[in-house]
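The values are calculated or read from the model by the stated rules, or taken from the named source; none is laboratory data. What you are looking at is a predicted structure, and each value in this text was computed from that prediction instead of being measured. Because the Cβ atoms are built from the backbone with ideal geometry, glycine has one as well, and the counts that use them run over all protein chains shown.
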């Protein structure tokens with residue numbers, strides 16, 4: 001699975017980095033949910049008065065969504081017969 005990161009500056013000039021953002025295919029049924037959750041996460045970071053410099057989106061999703069959905073998104077790609 002591919003991950004991306006997002007780095008931006010707040011109004012006060014503080015740099016904030018969000019790591020572990022999953023990159024999903026266009027036809028993946030969880031793509032829309034990930035986009036909405038990322039927007040919500042960004043809104044909560046902007047609302048904080050003293051945010052941290054680095055956040056993990058993966059840890060946020062672990063707390064925010066159902067465990068079965070989390071496993072479906074972050075399941076490791078299992079190779080059969082060591083191929």
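If you go through the range 6-25 and keep only what is under 20 Å from residue 73 (Cβ atoms) and either modelled with pLDDT under 90 or surrounded by 12 or more Cβ atoms within 10 Å (Cβ to Cβ) (or both), you end up with 6, 18, 19, 20, 21, 22, 24, 25. The residues of the range 41-55 that are surrounded by 10 or more Cβ atoms within 10 Å (Cβ to Cβ) and either farther than 16 Å from residue 8 by Cβ or touching a residue at least 40 places away in the same chain (Cβ under 8 Å) (or both) amount to a single one, 51. Exactly one residue among 25, 7 is touching a strand residue (DSSP E or B) at 6+ places or on another chain (Cβ under 8 Å) and either more than 22 Å from residue 69 (Cα to Cα) or free of Cβ contacts under 8 Å to residues at least 24 places away in the same chain (or both), and that residue is 7.
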